[in-house]
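The values are calculated or read from the model by the stated rules, or taken from the named source; none is laboratory data. All of these numbers come straight from a predicted model, not from anything done at the bench. Counting neighbours? That spans all protein chains shown, and the Cβs are built from the backbone with ideal geometry, glycine included. The area values use the complete protein model at the heavy-atom level, side chains included, leaving out ligands, DNA and RNA. Shrake-Rupley method; radii C 1.70, N 1.55, O 1.52, S 1.80 Å.
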Amino acid sequence: MSFFDQIANMLSRGKNQQLLHVMDWVEGQGGVSGLIEKFSQNGLSDTIHSWIGTETNTPINADQISSIFGASTIQKLAEKMGIDPSEASSLISQHLPALIDKVTPNGEVPNNLDLKSAGMNLLKNNSLIK
């Protein structure tokens, strides 16, 4: 393995760890169903349903994530990840659409979805790492 491959591997593991924290965090928010409820309460139902559905994922920005979940929730996640809250919001806005899209491949939330297991499988296959 070349030096650059080793560095890429290390960076990938760091990113994987961040994604694992995001998956845990999503579970703490009530899973995909909890996210649907929170997005709907904040007028972003169409956004999350685009991730679940088969059409193009509507993007979301870090400010919208902070607004939906609140500063204290984002702060707790940021502390776990060892990063700044604005960086945590940014990571969520980057990765959440792809995560939700990939764990709902048929355009619907599977019954008894184990998000962490599904996410781990996606990480093993490098399906979430861009």
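Out of I83, I74, I need the residue that is open to solvent by less than 20 Å² (accessible area, probe 1.4 Å) and β-branched (V, I, T). Which one?
Residue meeting the stated conditions: I74.
With respect to S117, determine if the residue is modelled with pLDDT under 85, out of contact with any helix residue (DSSP H, G or I) (no Cβ under 9 Å at 6 or more places or on another chain), under 19 Å from G30 (Cα atoms) and open to solvent by 20 Å² or more (accessible area, probe 1.4 Å).
yes
Identify the residue in region 38-53 that is assigned to a loop (DSSP other than H, G, I, E, B) and of a type in the set (G, A, S) and, among all such residues, is surrounded by the most Cβ atoms within 10 Å (Cβ to Cβ). Show your work before the answer.
Taking region 38-53 as the starting set, the residues that turn out to be assigned to a loop (DSSP other than H, G, I, E, B) are 42-44, 53.
Then drop every residue that is not of a type in the set (G, A, S), which leaves 43, 53.
Details: G43: 11, G53: 16.
So, considering only residues that are assigned to a loop (DSSP other than H, G, I, E, B) and of a type in the set (G, A, S), the one surrounded by the most Cβ atoms within 10 Å (Cβ to Cβ) is G53.
Consider only pairs whose beta carbons are under 7 Å apart and that are at least six residues apart or on different chains; among these, list those whose first residue lies in region 26-47 and is under 16 Å from L99 (Cα atoms) and whose second residue is modelled with pLDDT of 95 or more and of a type in the set (V, I, T).
L35/I48; I36/I48; F39/T47; F39/I48; F39/I68; T47/T58; T47/I60
Name the single residue that is farthest from the chain's Cα centre (by Cα) among those in region 86-104 being open to solvent by 70 Å² or more (accessible area, probe 1.4 Å) and over 17 Å from I36 (Cβ atoms).
Out of the qualifying residues, it is S86.
Considering only residues that are open to solvent by less than 60 Å² (accessible area, probe 1.4 Å) and either over 21 Å from A118 (Cα atoms) or not hydrophobic (A, V, I, L, M, F, W, C) (or both), which ones fall in region 25-37?
Q29, G30, G31, G34
Every residue in region 54-105 that is in contact (Cβ under 8 Å) with a residue 24 or more places away in the chain, polar (S, T, N, Q) and part of a loop (DSSP other than H, G, I, E, B), please.
Within region 54-105, T54, N57, T58, N61, T104 meet the criteria.
For region 54-66, how many residues meet the condition of being surrounded by fewer than 16 Cβ atoms within 10 Å (Cβ to Cβ), modelled with pLDDT of 95 or more and not acidic (D, E)?
Adding up the residues that qualify gives 3.
Given the residues I68, I74, which is the only one that is over 25 Å from N121 (Cβ atoms), in contact with a Lys or Arg (Cβ under 9 Å, 6 or more places away or on another chain) and of a type in the set (V, I, T)?
Going through I68, I74 in turn, the sole match is I68.
Residues in region 106-115 that are over 12 Å from V32 (Cβ atoms) and touching a residue at least 60 places away in the same chain (Cβ under 8 Å): how many?
0
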